[in-house]
Every structure is written in C-alpha cells, then in structure tokens.
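What follows is a set of notes on a single structure, which appears directly below.
No lab work stands behind these numbers, since they all come straight from the coordinates. From a predicted model like this one, the values you see are computed outputs, not experimental measurements. Please note: Cβ atoms are built from the backbone with ideal geometry, for glycine as well, and neighbour counts cover all protein chains shown.
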Amino acid sequence: MISPVQAVPERLRPLAREEGSESWSGSYSVEISESEPVFAGHYPDFPIFPGVCVMECVRRAAEAETPPPAGKLRLDSVESTRFLSAVHPGDRLAIELNWSPRGEGWRCQAKVATQHGQAATMRLRYLPEAVA
C-alpha cells in the first residue's frame, strides 16, 4: 500500500490484556511534522492534516502490534469514523487502542487526541489473514 504519510507511530504503552476481560489495550504517539507532503496542497496558507491521514496513522499503530491470541490480522473494514477537530503541523497524535474479539475477527476502537483535545474516534474491523 502506498501512503503519502511519513509519520511513524511510536509505541508508548505495549498492548496488555485488560484484567477480567478478553480486551487488549495499548497506546501510541505520532508526531505530525510540518514537512508532511500532504500539507503542500491541504490547504495553502492554512495547513490541515487530512482525516484520511489520521486514519492511516491509526491503522499503522493498530497493525504495529495486534493481540497475541489474534494471530496475523488484515484490515477488513472501517466500521465508523468521527473527526472531532483539526490536526495541524506540529501536533502530536495520542492514539489509544482497545482491541476486542468479535465473531471470527477483532474490533479495534481508537481514540485520537492532540494537545488541543479530542481529534477523532474510529472503529476498525480486522479478520484473520486466512479468512477471505
């Protein structure tokens, strides 16, 4: 997959199983550099990190470390996404992930914030690589 996003998620808290449940949670950070190529045209004189690029940062964080019981996973669908505020050059994304088993796959719920407050929420559905 080709992506215009250069930012790389940094793991802050490794995935850990939540006591008394089948859920796993972890957190990541992503520095949004002023040199991101998407800022050149989105928008001149008022750069905003596109929502699809925020989604890409979440996908990269989610796929950097999946729950051990899940095995190899692939993104099946984006169940929901809500953008709550703009992300600008120099912002740092704080990504909180919560994984839970759903049927034959897994749901990854993400909360994204910057130093200015909540930026987005999303739910991603993952299936085992073997399931077509």
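Between ARG17 and ALA130, the contour length at 0.36 nm per residue exceeds the Cα-Cα span by 38.3 nm. Charge tally for VAL5 (other residues, Cβ to Cβ under 15 Å; Lys, Arg +1; Asp, Glu -1): -4. The protection proxy used here, the mean number of other Cβ atoms lying within 10 Å of each residue, ranks peptides 63-75, 35-47 as follows, highest first: 63-75, 35-47. Against the empirical curve 2.2 N^0.38 Å, the C-alpha radius of gyration of the range 89-132 lands at a ratio of 1.47. With Cα atoms as the point set, the radius of gyration and Dmax of the chain evaluate to 15.0, 50 Å. Taking the centroid of alpha carbons for each part, the range 59-101 and the range 1-24 are 7 Å apart.
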